[in-house]
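**Q** Supplied in structure tokens, the structure appears directly below.
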Amino acid sequence: MLPERPTAADLEAAYVRRGAELVRCDAARRLAVETLEAERVLIDAWADRHDAAGTILPGDWAKNAGSGGGRQILPG
């Protein structure tokens, strides 16, 4: 926030403060994007390893239970 009659030093300090806020925001955004990309790579690698077994998600074994292996879920 600026005083009612800002001086050149006040304006300069405001620009520096705003610049620092932009740098912090950009760094946080970049970290979030890098984290998301790394997470997706790990998920894809995990899915590739489990795809050969025919099960990818924890609930998939129930869908494949009648296909010659795995536990079957009994009603009730």
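**Q** Pop a pseudo-label 7 angstrom from the Cα along the beta-carbon direction at both Thr35 and Ala9 and give the gap in nm to one decimal.
**A** For Thr35 paired with Ala9, the spin-label model returns 4.0 nm.
**Q** Also, I was wondering about something else. Of Ala45, Ala20, Ala9, which is farthest on the positive side of the dipole of segment 8-52, counting Cα position, with +1 on Lys and Arg Cβ, -1 on Asp and Glu Cβ, and the Cα centre as origin?
**A** Result: Ala9, furthest along the dipole toward the positive end.
**Q** Rounded to the nearest whole Å³, what is the per residue volume of the convex hull around the Cα atoms of segment 8-52? Let's see the in-between values first.
**A** On the way: hull volume 1.1 nm³, N = 45.
So the per-residue hull volume is 24 Å³.
**Q** Which ³J(HN,Hα) values, rounded to whole Hz and listed in residue order, are derived for segment 10-16 from phi using the Karplus coefficients 6.51, -1.76 and 1.60 in 6.51 cos²θ - 1.76 cosθ + 1.60 with θ = phi - 60°, glycine and proline given as x?
**A** Per residue, the Karplus-derived 3J(HN,Hα) values read 4, 5, 4, 5, 5, 5, 5 Hz.
Values quoted throughout were computed directly from the atomic coordinates according to the rules given, and no laboratory measurement underlies them. Quick caveat, the model's predicted, so the values are computed rather than measured. In this analysis, Cβ positions are derived from the backbone assuming ideal geometry, glycine residues included, and neighbour counts consider all displayed protein chains.
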